[in-house]
């Protein structure tokens, strides 16, 4: 990635880095790096990166999310949630919009989570107030179903994000048939 960035910069592509929550368009925010209040290690611990000649665990410090502020609460998009979805959502509520989460969409990297982790995550997300959940790729099917049950959501409000699924503000999730 570092080599690719250098090539792109040589082609006059400009990269913007945000060190804190920042509104980049009206009602659209980047979270900035996520503070890891809770030890949600959802990233692969075996992945190492070479920093200054030393191989260290890649804890994905650049993990962040995108938030759209709405009257019904924030709509939060995340990649693989390597900083932890609870950490990310608590930070959104503290720095961007203090409201229950209208929709959480993206990967939560819980596919290999044990029962204790899934229970803890479900309890925290219920406290945060997730209204709609569209979990994709690295979340895993079983973890989504466990979260759906723990959050008191149903097949209309918590689905596997599949190609063609969409979330429409004011209407909710429109999953594809396979995602229900």
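The values are calculated or read from the model by the stated rules, or taken from the named source; none is laboratory data. Worth saying up front: this structure is predicted, and the values here are computed from it rather than measured. Cβ coordinates were reconstructed from backbone atoms using ideal geometry, including for glycine residues, and neighbour counts include every protein chain displayed.
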Per the filter on region 40-54, residues in contact (Cβ under 8 Å) with a residue 12 or more places away in the chain and loosely packed, with under 13 Cβ neighbours inside 10 Å are 45
Any residue in region 167-180 that's within 17 Å of residue 76 (Cβ to Cβ): show its pairings with residues that are modelled with pLDDT under 90 and surrounded by 14 or more Cβ atoms within 10 Å (Cβ to Cβ) at Cβ separation under 8 Å, as long as the two are six or more apart or on different chains.
-> 173/165
Which residue out of 73, 81 is at pLDDT 90 or above, buried (at least 17 other Cβ atoms within 10 Å of the Cβ) and assigned to a loop (DSSP other than H, G, I, E, B)?
-> 73
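Residue under question is residue 144, and the condition is that it be under 25 Å from residue 70 (Cα atoms), modelled with pLDDT of 90 or more and touching a helix residue (DSSP H, G or I) at 6+ places or on another chain (Cβ under 7 Å); does it hold?
So residue 144 does not fit the description; no.
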Which of the residues belonging to region 69-78 are without any contact (Cβ under 8 Å) to a residue 60 or more places away in the chain and in contact with a strand residue (DSSP E or B) (Cβ under 6 Å, 6 or more places away or on another chain)?
-> 73, 74, 76, 77, 78
Quick check: anything in region 155-162 within 18 Å of the chain's Cα centre (by Cα) and in contact (Cβ under 8 Å) with a residue 60 or more places away in the chain?
-> no
State the number of residues belonging to region 151-171 that are surrounded by fewer than 18 Cβ atoms within 10 Å (Cβ to Cβ) and over 21 Å from residue 70 (Cβ atoms).
-> 6
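Quick check, is residue 57 touching a residue at least 60 places away in the same chain (Cβ under 8 Å) and surrounded by fewer than 19 Cβ atoms within 10 Å (Cβ to Cβ)?
The answer is no for residue 57.
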Regarding residue 95, is this residue surrounded by 16 or more Cβ atoms within 10 Å (Cβ to Cβ), touching a residue at least 60 places away in the same chain (Cβ under 8 Å) and out of contact with any strand residue (DSSP E or B) (no Cβ under 7 Å at 6 or more places or on another chain)?
-> yes
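Yes/no matrix, rows are residues, columns are (1) modelled with pLDDT of 95 or more; (2) surrounded by fewer than 21 Cβ atoms within 10 Å (Cβ to Cβ); (3) on the phi > 0 side of the Ramachandran plot:
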residue: 91; (1), (2), (3): yes, no, no
residue: 130; (1), (2), (3): yes, no, no
residue: 148; (1), (2), (3): yes, yes, no
residue: 173; (1), (2), (3): no, no, no
Of all residues in region 45-70, which are part of a loop (DSSP other than H, G, I, E, B) and more than 17 Å from the chain's Cα centre (by Cα)?
-> 45, 46, 47, 52, 53, 58, 70
Looking at region 151-163, is at least one residue within 21 Å of residue 63 (Cβ to Cβ) and touching a helix residue (DSSP H, G or I) at 6+ places or on another chain (Cβ under 6 Å)?
-> no
In region 21-37, residue farthest from residue 121 (Cα to Cα) [restricted to those that are touching a strand residue (DSSP E or B) at 6+ places or on another chain (Cβ under 9 Å) and part of a loop (DSSP other than H, G, I, E, B)] = 27
